[in-house]
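FYI, it's all coordinate maths here, none of it is from the lab. Computed from a prediction, not measured in an experiment: that's the story for all the values here. In this analysis, Cβ positions are derived from the backbone assuming ideal geometry, glycine residues included, and neighbour counts consider all displayed protein chains.
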Amino acid sequence: MLFSFCVFGQETTQKDLLFEASWGGRKIHPDSTYTMDKGSVVQFEILKLYLSDIRFLPDDSKRDVSVTKVRLIDLSDSLSLKFKTGLLKNDIVTGVRFLLGIDSLVNVSGVYGGDLDPTKGMYWTWQSGYINFKIEGSIKDVNGRVRSFKWHIGGYQSPGNALQEIELKHNGIGTLKLVLDLEKFMKEADLNTKTNIMSPGVEAVKLAEVLALCFTIH
């Protein structure tokens with residue numbers, strides 16, 4: 001015989017964290033195109049990124065509510081865009097703190113399984129470590145000329161340490177949705193001379209800093 005128990009007056013439903021890439025407030029889909037300011041059309045083919053050491057900040061700032069170690073976000077995999085936080089549905093969250101990428105300790109410890117498995121396509125070599133984020137696609141200008149962009153950004157050794165720490169404020173209770181504004185990112189990225197960055201270095205760090213400023217939480 002099976003028994004189920006519940007405690008009256010307590011909410012046991014967990015709060016999810018949702019991830020969304022957006023353009024002009026619209027959810028981005030890999031098979032869709034998006035118009036830039038000067039009429040160029042952009043299409044994203046690959047968007048993958050690591051979020052690590054995710055901490056949810058309650059109204060009592062003396063403690064963190066929950067910690068999630070590593071999540072691989074893949075725009076082409078809907079299951080990766082939503083995950084349990086360990087928070088209860090009615091818990092108050094005033095902010096979230098996380099790393100965009102993988103820290104040096106993990107990078108120097110060899111390869112792992114799960115979201116860190118090299119078969120996920122986010123690992124270079126033992127010397128260069130993990131790719132923190134990967135963005136690929138194409139831009140078609142008003143004259144019909146098509147250019148591709150390919151950014152594989154990582155690196156954990158100075159001066160090429162591309163890891164970014166991000167802290168965002170949240171308004172309290174309700175849904176947790178982490179939004180990456182790719183329209184803002186594309187406006188700030190150098191689309192004339194820096195459309196192909198595939199290894200650690202100063203330029204990779206600069207692009208990581210740009211992407212870090214494009215996150216909000218709702």
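Laid out as a table, the results:
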read-out	value
Coarse-grained scattering of region 103-218 at q = 0.11, 0.12, 0.20 Å⁻¹, given as base-10 log I(q)/I(0) from a Debye sum over alpha-carbon atoms	-0.44, -0.52, -1.14
Dipole magnitude of the chain, debye to nearest 20 (Cβ charges: Lys/Arg +1, Asp/Glu -1, about Cα centre)	220 debye
Rounded to 10°, Cα long-axis angle of helix 202-212 versus longest principal axis of the chain	50 degrees
Structure-derived volume of the Cα convex hull per residue in Å³: which label, when the choices are (i) 106; (ii) 134; (iii) 159	(iii)
Simple label model, 7 Å out from Cα along Cβ direction - Arg55 to Trp126, nm	3.2 nm
Assigned charges on the beta-carbon of Lys, Arg, Asp, Glu; region 139-197 dipole about Cα centre (debye)	280 debye
Options Gly129, Thr85, Ser32, ranked by Cα towards positive dipole end of the chain, top entry (Cβ charges)	Ser32
Mean residue ellipticity (222 nm) of the chain, computed from DSSP H runs ≥ 4 via -39,500 (n - 2.57), nearest 500	-2500 deg cm²/dmol
FRET efficiency, 1/(1 + (r/R0)^6) with R0 45 Å, evaluated for Gln14 and Asn192 via beta carbons	0.50
Ellipsoid equivalent to region 49-155 - semi-axes via the Cα gyration tensor, in Å	30, 20, 13
Restraint check, Lys134/Lys177; Lys120/Lys177; Lys120/Lys140; Lys27/Lys48, Cα-Cα greater than 18 Å	Lys134/Lys177; Lys120/Lys177; Lys120/Lys140
Relative contact order (%) - criterion: Cα under 8 Å, at least six apart; region: the chain	23 percent
